[in-house]
Amino acid sequence: MSRIGKLPITIPTGVDVKLADNNVVAVKGPKGQLEQKVDTDIAIEIDGSTITLKRPTEQKRHKALHGLYRSLIGNMIKGVSEGYKIEQELVGVGYKAASDGQILDLTLGFSHHVYMQIPVEVNIVTRQDKGQNPIITLTSADKQLIGQVAAKIRSLRKPEPYKGKGIKFVGEVLRRKAGKSAGK
C-alpha cells in the first residue's frame, strides 16, 4: 500500500471541499480556490473533516496515481488555508529587482533589463535593503504554479559555482569551486 496515499487528509476549518460528478475536486478557502481533475480509477471519499483516497487494484499505475493525487489534494488544501511562500535572492554587483503590478523588472548584468509577466494567481513583492542583496518574495495558494514561476525566474541567471553570482533561493547552499590556482 502506498504510504502517502493511505494517509487521510484533514480538512481545516474555513476550507470547503466539493467533489463534482466527473471526479473534479474543488477546494475553496480564505487564500483562494483551486481545482484538480482526478483519474476516474481513484475513489475519493469525503466524510466530515477527512478525505481518504482508495485505489481499485495493486497495479503499478494505480499505486503511482494513489500517492500522486493524495499529495496534490493535500497541497491544494494547505495552499488555500495557509498559502505558499518562496523567497529568492539576487547575488551580484548591480543586480536589481523591481515589481510594477504583475511585471517583474530584473537587472542581471545583461546589456538590457529583463521583464517577466507574473501570473495573477501569484503575488510578488521585491525589497532592497541598504547593504543587502535584493529579495523577491512570491506568495500563492497554488504550489505547482509558484514553484514553476520561481524556477523560471531562477533560470534567467542561475548561480555560478565560482563566485555564487546569480538568482538563488534564500537559504540555498551552493556548491562552490576553488577556481584557478595562482601559478607554480
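Some observations on this one:
- Contact annotation: residue pairs with Cβ atoms under 9 Å, 6 or more positions apart or on different chains, pairing a residue in the range 95-118 that is touching a residue at least 40 places away in the same chain (Cβ under 8 Å) with a partner that is open to solvent by 90 Å² or more (accessible area, probe 1.4 Å), are 104/115; 104/117; 106/96; 106/113; 106/115; 108/96; 109/93; 116/152.
- The range 127-165, subset under 23 Å from residue 84 (Cα atoms) and of a type in the set (Gly, Ala, Ser), residue surrounded by the fewest Cβ atoms within 10 Å (Cβ to Cβ): 155
- Condition broken by residue 146, with the remaining ones in (1) touching a residue at least 24 places away in the same chain (Cβ under 8 Å); (2) more than 23 Å from residue 30 (Cβ to Cβ) satisfied: (2)
- Among the residues here, residue 44 does not qualify as under 25 Å from residue 140 (Cα atoms), of a type in the set (A, V, I, L, M, F, W, C) and at pLDDT below 95.
- Selection within the range 8-39 - part of a loop (DSSP other than H, G, I, E, B) and under 16 Å from residue 62 (Cα atoms): 23, 38, 39
- Scan of the range 27-59 for residues that are basic (Lys, Arg), over 20 Å from residue 81 (Cβ atoms) and open to solvent by 70 Å² or more (accessible area, probe 1.4 Å), ordered by number: 37, 54
- The one condition from (1) more than 23 Å from residue 85 (Cβ to Cβ); (2) touching a residue at least 24 places away in the same chain (Cβ under 8 Å) that residue 181 does not meet is (2).
- Candidate set from the range 152-162 (those that are in contact (Cβ under 8 Å) with a residue 24 or more places away in the chain and in a loop (DSSP other than H, G, I, E, B)); member that is nearest to the chain's Cα centre (by Cα): 156
- Selection from the range 52-92 of residues that are over 22 Å from residue 35 (Cα atoms) and without any contact (Cβ under 8 Å) to a residue 40 or more places away in the chain: 56, 57, 58, 59, 60, 61
- No other residue among 32, 92, 67 is at positive phi and over 18 Å from the mean Cα position of the chain (by Cα) apart from 92.
- Unique match (being aliphatic (A, V, I, L, M), within 24 Å of the chain's Cα centre (by Cα), closer than 25 Å to residue 120 by Cβ and surrounded by fewer than 17 Cβ atoms within 10 Å (Cβ to Cβ)) among 80, 24, 17: 24
- Some residue of the range 53-63 being under 21 Å from the mean Cα position of the chain (by Cα) and closer than 26 Å to residue 147 by Cα: no
The values are calculated or read from the model by the stated rules, or taken from the named source; none is laboratory data. All values derive from a computational prediction rather than experimental measurement. So basically every Cβ, Gly included, is an ideal-geometry build from the backbone, and we count neighbours across all protein chains shown. Ligands, DNA and RNA are excluded from the accessible area calculation, which covers all protein heavy atoms including side chains. Shrake-Rupley method; radii C 1.70, N 1.55, O 1.52, S 1.80 Å.
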